[in-house]
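For reference, the structure is listed below as structure tokens.
The values are calculated or read from the model by the stated rules, or taken from the named source; none is laboratory data. All values derive from a computational prediction rather than experimental measurement. Heads up, the Cβs are rebuilt from the backbone with ideal geometry, glycines too, and the neighbour counts pull from every protein chain shown. We work out accessible area using only protein heavy atoms, side chains counted, and drop any ligands, DNA or RNA first. Shrake-Rupley method; radii C 1.70, N 1.55, O 1.52, S 1.80 Å.
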Amino acid sequence: KALGAKSYMILIEFLVESIILCLIGGIIGMGLVYLTALGATSAMDFEFFLSRGNMILGASISISTGIIAGLIPAVLAARMVPVEAIRK
């Protein structure tokens, strides 16, 4: 705000950062699930797989988590007075 940013731009910046961080965590988690499924398939006679629908579901849950987790900090940051934000 001190440099001319509007409140909605600060809100969007915080939300995008939160979504990206949650997506990175979701991708790492899906990679671990995929590797675990490969290991379980080779160890057993039963086939485990990670379907495309489950990957899309995991990504959408990650995005939803990012929005929910980032909403309160984003709103608080957008409402801060610039001088108070610099002090903290």
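Below, the figures for the structure above:
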{"quantity": "Of the criteria (1) of a type in the set (G, A, S); (2) open to solvent by 70 Å² or more (accessible area, probe 1.4 Å); (3) within 30 Å of Y8 (Cα to Cα), which one G25 fails", "calculated": "(2)"}
{"quantity": "Residue in region 14-22 that is among the aromatic types (F, W, Y) and either exposed (fewer than 12 other Cβ atoms within 10 Å of the Cβ) or at positive phi (or both) present", "calculated": "no"}
{"quantity": "Total residues in region 26-63, condition assigned to a helix (DSSP H, G or I) and within 30 Å of V16 (Cβ to Cβ)", "calculated": "22"}
